[in-house]
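Q: Have a look at this one before I ask anything.
The values are calculated or read from the model by the stated rules, or taken from the named source; none is laboratory data. Note that the structure is predicted; figures quoted are calculated from it, not measured. Glycine gets a Cβ as well: all are built from the backbone with ideal geometry, and neighbour counts include every protein chain shown. The area values use the complete protein model at the heavy-atom level, side chains included, leaving out ligands, DNA and RNA. Shrake-Rupley method; radii C 1.70, N 1.55, O 1.52, S 1.80 Å.
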Amino acid sequence: MMKKLLIVACAMFGFGFAMVPFYKKLCEVTGLNNIIKPDTVTNTQVDATRTLTMEFDVNVRSDLPWSFRPLEPRVTFHPGELVNVEFEVRNNSDRVVTGQAIPSFGPQLVGRHMRKLDCFCFTQQTLAPGEVRQMPVVFVVEPSLPQDVNTVTLSYTFFEVEGKSGKDS
């Protein structure tokens with residue numbers, strides 16, 4: 001029985017270890033957790049012959065008592081250009097609330113060509129009652145984005161982090 005349990009444990013560990021490259025590839029394809037350092041972005045060529053428009057969409061889920069909006073509803077830029085946008089979040093409740101933003105792209109293939117250097121979505125946000133916070137997103141869309149894509153939608157959905165409502169803080 002011990003040999004069987006040991007074999008099962010080793011097989012489970014091996015399976016989990018084998019899933020790491022698959023998970024990395026899945027994240028690369030979807031654009032999730034796609035962080036690169038600024039020194040790799042400095043070599044990006046700006047394609048001044050092409051202009052992209054990025055529109056922002058924001059949602060708040062799980063009865064989160066926040067108002068959340070981009071300071072600019074859309075920005076226009078060239079592929080390869082460093083873009084800095086700001087979002088504003090406000091806690092409309094009388095309690096401390098923690099939330100996490102999840103990004104998504106439209107069309108979905110943009111995730112493979114967008115490199116976020118700084119984003120509030122990388123960390124959980126804890127806001128005091130009535131607190132207002134400006135949060136940056138700094139990114140580059142690579143010039144290798146297909147030519148037929150001219151408008152991109154970046155959507156953020158904020159979810160409340162379970163167990164972090166401020167009661168135990």
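Q: Residues with beta-carbon under 10 Å from that of Pro70, excluding Pro70: net charge, scoring Lys, Arg +1 and Asp, Glu -1?
A: Net charge around Pro70: -3.
Q: Here is a further query. Would you mind computing, in nm to one decimal, how far apart the modelled labels at Lys25 and Glu72 are, each placed 7 Å from Cα along Cα→Cβ?
A: 3.8 nm
Q: Sort Glu72, Glu131, Glu88 by accessible area with a 1.4 Å probe, largest first.
A: Highest to lowest solvent-accessible surface, that is Glu72, Glu131, Glu88.
Q: For the range 43-166, what is the accessible area per residue in Å², given a 1.4 Å probe and the full set of protein chains?
A: 48 Å²
Q: Still on this structure, please answer the following. Where a Cα-Cα gap under 17 Å defines reach, which aspartates and glutamates qualify for Lys25, not counting those fewer than 8 residues away within the same chain?
A: Partners within reach: none.
Q: Shape of the range 41-99 from its Cα gyration tensor (a ≥ b ≥ c, root eigenvalues): rounded if a/c is under 1.5, otherwise prolate when a/b > b/c, or oblate? Please report the intermediate quantities before stating the final value.
A: Values: a/c = 4.00, a/b = 2.80, b/c = 1.43.
Since a/c reaches 1.5 and a/b is larger than b/c, the shape of the range 41-99 is classed as prolate.
Q: How many percent of the accessible area of the range 38-162 is carbon or sulfur, using a 1.4 Å probe? Could the numbers behind the result be given before it?
A: Details: 2880 of 6100 Å².
Answer for the range 38-162: carbon and sulfur cover 47 percent of the accessible area.
Q: Where a ≥ b ≥ c are the square roots of the eigenvalues of the C-alpha gyration tensor, would you call the range 54-169 rounded, which needs a/c under 1.5, or, failing that, prolate if a/b is larger than b/c, or oblate?
A: Prolate.
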